[in-house]
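These notes are about the structure you will find just below.
The values are calculated or read from the model by the stated rules, or taken from the named source; none is laboratory data. Not measured: the values here are computed from a predicted model. Note that we place each Cβ from the backbone using ideal geometry, even for glycine, and neighbour counts take in every protein chain shown.
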Amino acid sequence: MLIGVEQGQNWTMYNGDCCIVLRGLEESSIDLVIHSPPFSSLYIYSDSENDMGNCSSDEEFFEHYKYCIKELLRVTVPGRVCVVHCKDLPKYANVYGTTGLIDFPGACIQEFEDAGWVYHSRVTIWKCPVVERERTNNNGLLHKTVKRDTSQVRQGMADYLLVFRKPPASGLMSEKSVTRKRGFDRYIGEAGKATISIRRLTAASRRPKIRQSTFGEDTRSRFGGTCAKQMYSTSNSRRQKTTKSTFARYSSI
Ligand SMILES: C[S@@+](CC[C@H](N)C(=O)[O-])C[C@H]1O[C@@H](n2cnc3c(N)ncnc32)[C@H](O)[C@@H]1O
């Protein structure tokens, strides 16, 4: 079922059932896959049979999702990655007879590995437990549970990005390797927060570890480009002075 296609320079956007759309894509033609599948049957998105979230059990969900996982492997360039957004799922007492968590990321890893992907990396996205409590009213997050039986209290749940790599045809290099000859040249991340923490550090003149690099290429590659650029954009004489002494300290490592 293909609902629509839009095209522009260097891009094509398909609106439709991904299991069907993927089948029409050329083998080894996709450089990066990123998606957020339905978290099994946690939410209902539509009553369409094509909707993977429209399932009665985790088994049924994975039976459907498997087609997508297999096709994604086929269309991805060897050595390139597929990123899957997911999280643990709550167990409901009325379904499972007890509360607890289901290791949905673990089940995804198993399915991807079974299909031939390599589990490559995982990013943890911190989520505020108070927001989760507001949304779900989950017993394990309520203050009244603290008072009644603290053993039922649990952590808030994080989100994850699971990163899978399509095995390269040979060796470890991607078939279309991504080269960055100068390493990272700009800070990618929570720039606002990072700047604040650097200011605090500067004021305190302590914990110098992240003030590693206003020193250009060599230092950047030595300590990692992200902190380097971050420091670049916040230069002042005092900070540079501290940074240099920090560098002197680190250069002996
Ligand atoms: C967890 S949500 C992701 C939502 C999305 N990340 C966002 O922030 O809007 C999963 C989405 O996958 C869609 N979906 C389920 N089965 C699908 C299929 N076979 N083809 C395409 N999309 C599907 C659902 O309708 C739902 O919108």
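Conditions (1) farther than 20 Å from LEU161 by Cα; (2) within 15 Å of the ligand (Cβ to nearest atom), marked per residue:
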| site | (1), (2) |
| --- | --- |
| VAL5 | yes, yes |
| SER36 | no, yes |
| CYS68 | no, yes |
| GLY100 | yes, no |
So how many residues does segment 3-40 have that are surrounded by 17 or more Cβ atoms within 10 Å (Cβ to Cβ), assigned to a loop (DSSP other than H, G, I, E, B) and under 22 Å from the mean Cα position of the chain (by Cα)? 4
Picked from segment 76-113 (must be more than 21 Å from the chain's Cα centre (by Cα) and in a helix (DSSP H, G or I)), the residue surrounded by the fewest Cβ atoms within 10 Å (Cβ to Cβ) is ASN94
In segment 41-62, the residues that are surrounded by fewer than 13 Cβ atoms within 10 Å (Cβ to Cβ) and within 13 Å of the ligand (Cβ to nearest atom): TYR43, ILE44, TYR45, SER46, ASP47, SER48, GLU49
Pairs only if they're at least six apart or on different chains, beta carbon under 6 angstrom, first in segment 41-70 and without any contact (Cβ under 8 Å) to a residue 60 or more places away in the chain and over 23 Å from LYS91 (Cα atoms), second part of a helix (DSSP H, G or I) and within 8 Å of the ligand (Cβ to nearest atom); list them, first residue then second. TYR67/CYS19; CYS68/CYS18; CYS68/CYS19
Confirm whether VAL131 is of a type in the set (Val, Ile, Thr) and loosely packed, with under 13 Cβ neighbours inside 10 Å. yes
Residue list for segment 53-75, filter: among the aliphatic types (A, V, I, L, M) and either more than 19 Å from the chain's Cα centre (by Cα) or not assigned by TED's automatic domain parsing to the domain that holds ASP159 (or both): VAL75
Can you name every residue in segment 22-34 that is within 10 Å of the ligand (Cβ to nearest atom) and either touching a Leu at 6+ places or on another chain (Cβ under 6 Å) or modelled with pLDDT under 95 (or both)? none
